[in-house]
Structure formats: C-alpha cells, structure tokens
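Note sheet for the following structure.
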Amino acid sequence: MNMIRKSILAALLLAAACPALPAEAGPRAETYPWERRAGRPTASDAVLCYGNSHHRNPYLWDERRFEPYVTYVDEQGREQWLFDGFIFLESQDMDRPDKRNYTYMTGVLRDQGLAAGKEQWQELIDYYFARGNCVDALDKAVGAAEERLGEAPVKRRVFIVIPDPIIYHHWIDPMTSTTYWGEIDGRRLDFIRTEDRMAACRWYIDTVREAFARGKYENVELAGFYWLRETAAQPEDTEYSYHLTRSDVLLPQIADYLHGLNYSFIWIPYYDARGYDDWRDFGFDQVYLQPNHYWKPENDMDDVCRWINRAGTSIEFEFEASILNARENSDAYRARLRDYMRGAKQYGIYGSRPIAYYQGSNALYDLWVSDDPVDRELFHEFCRFVVGNPLRSK
C-alpha cells in the first residue's frame, strides 16, 4: 500500500466518532414481506458506491456524503427513507504507480496495469471498513436519520464487491506467472487451479465478514456480495477471454459458499453480456441488466426491458455527472434517465423486482447540492421514483 493511501486510512481509523443512538420505536423488521418470499436478503433500491481509487473525487464516503442517499427531503420539507441497499465496489485504480485492476474487462490494452493481488484485495477491505468511511459512515448516517424519523423499516443492506481472481498477472502475455496473488497459511496460491482461486475468494469473503463483525454496526446489515466482472464467459467464448476467468467453473462454487452463510450473490452484467440470460446457472440470486442506454441511445429501452422480462433479471439505472444542467448536451442525458423510469414502469419491472442505480462517482450528491432549477427538478423527480417503489410495501 503506498504512503498516501496508508496516511488516509490511518487518519480514518483513528478518527473519533460517537455512535448515534436510535430513536425509541417498535421492533425493527428483519426482512421485507416480499423479501421473505424471495429467500435471501436483498434491497428494493440499491445504489452503487464506487471508492478506493485515486481517480475518484471525492475519495471518501463520509457521513456527510451519505446524507442524500440515506434519506430524501421533498419540496414540502418531508423527510423519507431513500436507498435501502448500498453496493461498495471498485473496478480499477490506474492512477497509482503500480496500475492495478480488480477485474478483467474485454478490450483492455497493454498499458492498463496488472491484476490485483492479495495486498490490493486487503486494501479494498481496509477502505470499506475504515473508521468514518463507507460502512462505518453509512451506519452513523442511518443512525442520525433514525433520531429524526424513528427506525428504518429494515436495516440498510450492505453488499461488498468480490474482486475477480484473474488467472494471469498480466493477461496480454500468456507466459506471465499465475502465482502472483499471494499466500494463505504459508502456501502460495496458483490461479491456474480453480481450487486456489476459490481459496482466495473464500479468504476475501471471510475477511470482510470479520471486519464487519468488528464494526459492531447497529443500523446496517451485511446482506451479500457483488460479483465485479460484467460478463460470464463460457468455454466456447474465446473472444471474451474465457481462459483468463473461467467464470462458469468458479461462480457456482462462490455461490454455494455464500448461500451456506445465507448471503445473497448479486451481479450487474452489461447490455447483451455473455451469461446474462442463463444467470441462474452461475448461482446468482439477483441480477440487474445494464441497458447502457444512457451512453448508447441506440440501445432501445423498450427492447432492453423486453430482454429483461424474458431473462427474468431486473434493471440497473445509469447516470453520471453529465446529467447536470451546466454540462454540455445534458438535456439529452436527462431525457435518457427519464427513459429508464418510463421503461421500468411500462414493462412491470418497477414494483415487482429490485432495482440497482449506477450514478458514477457522485452524481446524485451533485444534483442534491446544485441550486440550478433544472437540476433540482430532476433530483426531486428521481427521488420520488425511488421512495415510491411499490415493491417496498409488498
């Protein structure tokens, strides 16, 4: 871990903070009614929270940053619970001297870094569970909101990314070592072996569980884990670099391990990704298909929603800071976000299946702090969509 990262984490870990005391209220439900029918824990509306990469701005997920994600204050001043799920993830950190990737994505170039090893996987965990950041800050933000609103209907659900155990250290050169990741109990793992890749994932899951238990959080629950790679190649998919991932072999083993611990296993494949339509074979509990319509309007939202219904997945909404009114061509991006809301309602996804929300690094926060009337209008429209999700009352 470089010195800058160490300094930041050390400051966070030493920061003093008093836990918020929940308001007096009736007993909190363990699960939603619809969730009990579905089985393992999930969330009706889960937001993606990217962090632990030098190119993210801001770098930290502190309590202040979580405010517009935990609750929503409408135009009449009424405060309501907003997102009930929080997916903590990162895909790469290319601004560090030893460029590292937490997953392999099709189409990478030679200068796009190395596969992350055990040290970098531990850095993710250290970041997510640092004092005053991510899970700890979320727990405090929810606690502060509960002092105003009473207890949330259920604990806010936390999902932690599982990095991709890429077989080769550098995927361009097939001669690159497969033993780069590190050791467990004094034995160096070799990622050419499926059992060693699984051992690394099991170590990571157990280390996350231990870190969560140490936090003694009162208002959040570790509900599951998120698989980072956005495509699940199978043996015939050589153009999708099956030899680097062998997802069809590994994923069911990860799913079995998580299910034995009663955790959910979730996934967000890109539009028309390999494996999106046979996702059940891999052991996933919940899958959210990316329409990618926000960047590619040729991906017709009606067609995507039909795909979603045929495959039995759900949808990921997508937007970034380009949606802000001050940005060039932002009116087109706002129209595309509204396409997501329309499509989800028109095709029966809204109110029947959980939804995930990609918002870049910080776009919803940017809308929240903006005083531009156009931004304010969209902020309220979007938040009304989330808090009004009929699934929450089923």
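The values are calculated or read from the model by the stated rules, or taken from the named source; none is laboratory data. The shown structure was predicted, so the numbers you read here are calculated from the model rather than taken from an experiment. Using ideal geometry, Cβ is built from the backbone for each residue, glycine included, and neighbour counts are taken over all protein chains shown. Each accessible area value is taken on the protein alone, full model and side chains, heavy atoms only, with ligands, DNA and RNA left out. Shrake-Rupley method; radii C 1.70, N 1.55, O 1.52, S 1.80 Å.
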- [ ] Work out the charge dipole of the chain with +1 on the Cβ of Lys and Arg and -1 on the Cβ of Asp and Glu about the Cα centre, then indicate which of Val154, Leu244, Val70 is farthest towards its positive end.
- [x] Val154
Task: Accessible area in square angstrom per residue, the chain, 1.4 angstrom probe - done: 41
- [ ] Heavy atoms only, probe 1.4 Å: what % of the accessible area of the chain goes to carbon and sulfur, would you let me know?
- [x] 49
- [ ] State which entries of Lys155/Lys345; Lys118/Lys216; Lys118/Lys394; Lys140/Lys394 exceed 31 angstrom in Cα-Cα distance in the structure shown.
- [x] Lys118/Lys394
- [ ] Considering only DSSP beta bridges where both residues belong to the chain, give the percentage that are antiparallel (nearest 5).
- [x] 20
- [ ] Before anything else, pin down the relative contact order of the chain: Cα pairs under 8 Å, at least 6 apart, normalised by residue count, whole percent.
- [x] 18
- [ ] Provide, for q = 0.12 Å⁻¹, the log10 of I(q)/I(0) from a solvent-free Debye sum over equal Cα point scatterers in the chain.
- [x] -0.97
Task: Whole-number Å³ per residue for the convex hull built on Cα positions in the stretch 256-295 - done: 64
- [ ] Please compute the Cα-Cα pair-distance distribution of the stretch 177-261 with 5 Å bins starting at 0, giving whole percents from short to long.
- [x] 3, 12, 20, 20, 20, 13, 8, 4, 2, 0
TODO: Rounding to the nearest 20 debye, state how big the charge dipole of the chain is about its Cα centre with +1 on each Lys and Arg Cβ and -1 on each Asp and Glu Cβ.
DONE: 640
Open item on the list: Can you show me the helix-derived [θ] at 222 nm for the chain, built from DSSP H runs with n ≥ 4 at -39,500 (n - 2.57) apiece and divided by the number of residues, rounded to the nearest 500.
Closed with: -11000 deg cm²/dmol
Task: Between the stretch 260-277 and the stretch 44-90, the alpha-carbon center distance in angstrom - done: 22
TODO: Using the charge dipole of the chain (Lys, Arg: +1 at Cβ; Asp, Glu: -1 at Cβ; taken about the Cα centre), state which of Ser352, His169, Tyr257 has its Cα farthest towards the positive end.
DONE: Tyr257
Open item on the list: Testing the spin-label approximation: label points 7 Å from Cα along Cα→Cβ at Glu377 and Asp303. State their distance in nm.
Closed with: 3.0
Open item on the list: Along the charge dipole of the chain, pointing to its positive end and built from +1/-1 on Cβ of Lys, Arg, Asp and Glu, which listed residue (Trp279, Pro390, Val208) has its Cα farthest out?
Closed with: Val208
